[in-house]
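Working notes, structure below.
The values are calculated or read from the model by the stated rules, or taken from the named source; none is laboratory data. The shown structure was predicted, so the numbers you read here are calculated from the model rather than taken from an experiment. Reconstructed Cβ throughout: ideal geometry from the backbone, glycine too, with neighbour counts over all protein chains shown.
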Amino acid sequence: MTTSRFATVVVIGGGQAGLSAAHHLSRRGFASALDHSEADRSFVVLDENDAPGGAWQHRWESLVVPKLNGIFALPGMPPPDTHRPDPSREAVPRYFAEFERRHGLPIVRPVRVERVDYADDEEDGDLLVRTRDTLWRTRAVINATGTWNAPVLPVYPGADTFLGEQLHTRDYTRLEDFTDRRVAVVGGGISAVQLLEEISRVADTFWYTRREPVFIEGDFEPETTGRDTIEKVTADAEAGRPTGSIVSYTGLNWSPAARAAHDRGALDRRPMFTRIEPEGVREADGSLTPIDTILWATGFRADIRHLDPLYLVNEIGGVTMRGTQVFGEPRVHLIGFGPSQSTVGANRAGREAVAQLVRDLAI
């Protein structure tokens, strides 16, 4: 039996972006829709995970806090100690859980949003957020579902004939599983470099990318490189072009992991193989390289399939944005998306989305 409920704003996703939005909704006087469903301003957060932590709770166990690119504090709460070598999959969820507890946020979990529809087929009315058991009627949606549940897995010739193991980054858990194996790591992003450095300690690794990786000399400067990058991503989003990962705009930096991988010879990049065969991969030069495991470090795309009934994605696979708001659909805000996909960007986007919604809803 489906229960019908109402919230002025439904936040989908309980990671960094979703918690930031929830915090700012609460500060703006929005009450819990779980306790005050008749309030003029109410909200609820629907999170698919079993526990606090967003995608962080699923990271591989050897990814400790000092190895992270950066943990930015949630609003009004200092981040975890970045010097302690705690596993990120434990430290960050603890931090998120404490934030939720302090602010008493109305979060329902685990609950998966199946689809978001127009109410009564009226495109200027309310929206309907459907879960398995509940139908939430709402005036606006802040979508903060991130990318973890939408891994990019290339379709490659011969992949179905491979006798070894194929994994995506999200499936990687323990270094020990790769001991004495021959591992092909495919991808040119930060995670690929991190995993190359780690796995090359115990296995023979082979690094494949479509394009020659570009490493940035010198330090990353937030006031210059960061601002320029956000401008580029914003331009793509406002033009309705699909946005890539942040590293696709900035290039790779010479992190400690990158330098260690380079010193070990693990950054000896190869052009993409032409096909996969039962025993390995066929190189661009025609030779066969025996492989036990193919690790696809090929990134993620925005997890917004539940928004398909709203037809937000254009013919080239992008979503046209104005700030956090979908252009042409002011009731939907995407945060942790495009220009706000970094942790610091997600924090700012949560605040900006709430400020815009308050203006639009006139409440």
Close pairs from segment 130-148: first within 13 Å of D47 (Cα to Cα) and touching a residue at least 24 places away in the same chain (Cβ under 8 Å), partner of a type in the set (A, V, I, L, M) and part of a loop (DSSP other than H, G, I, E, B), Cβ under 6 Å, at least 6 apart: T131/V111; A144/I335
Any hit, segment 334-343, residues being touching an Asp or Glu at 6+ places or on another chain (Cβ under 9 Å), among the hydroxyl-bearing types (S, T, Y) and either free of Cβ contacts under 8 Å to residues at least 40 places away in the same chain or not assigned by TED's automatic domain parsing to the domain that holds E176 (or both): yes
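Picking from V319, V354, V358, V313, which residue would you name as being in a loop (DSSP other than H, G, I, E, B), of a type in the set (A, V, I, L, M) and in contact (Cβ under 8 Å) with a residue 12 or more places away in the chain?
After ruling out the rest, the residue left standing is V319.
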Flag for A17 being touching a residue at least 12 places away in the same chain (Cβ under 8 Å) and closer than 22 Å to N149 by Cβ: yes
Residues (more than 25 Å from I190 (Cα to Cα), over 16 Å from the mean Cα position of the chain (by Cα) and in contact (Cβ under 8 Å) with a residue 24 or more places away in the chain) located in segment 284-306: P290
Count - residues of segment 174-213 that are in contact with a Gly (Cβ under 6 Å, 6 or more places away or on another chain) and without any contact (Cβ under 8 Å) to a residue 60 or more places away in the chain: 1
Search result, residues across segment 23-64 that are in contact with a His (Cβ under 8 Å, 6 or more places away or on another chain) and either modelled with pLDDT under 75 or assigned to a helix (DSSP H, G or I) (or both): H23, S26
Within segment 166-197, tally of residues that are on the phi > 0 side of the Ramachandran plot and surrounded by 14 or more Cβ atoms within 10 Å (Cβ to Cβ): 1
Breaking point among (1) in contact with a helix residue (DSSP H, G or I) (Cβ under 9 Å, 6 or more places away or on another chain); (2) more than 20 Å from T298 (Cα to Cα); (3) of a type outside the set (S, T, Y); (4) not in a strand (DSSP E or B), for N149: (2)
Verdict on P278 being assigned by TED's automatic domain parsing to the domain that holds E197, in contact with a helix residue (DSSP H, G or I) (Cβ under 9 Å, 6 or more places away or on another chain), at pLDDT below 90 and not small (G, A, S): no
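Being assigned to a loop (DSSP other than H, G, I, E, B) and crowded, with 17+ Cβ neighbours inside 10 Å is the filter here, so list the residues in segment 252-282 that pass it.
Within segment 252-282, S255, A266, L267, F273 qualify.
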Index of the failed condition, S200 passing every other in (1) buried (at least 17 other Cβ atoms within 10 Å of the Cβ); (2) more than 30 Å from N347 (Cβ to Cβ); (3) in contact with a strand residue (DSSP E or B) (Cβ under 7 Å, 6 or more places away or on another chain); (4) among the hydroxyl-bearing types (S, T, Y): (3)
Residues located in segment 160-178, provided they are over 10 Å from W296 (Cβ atoms) and either among the acidic types (D, E) or in a helix (DSSP H, G or I) (or both): D160, T161, E165, L175, E176, D177, F178
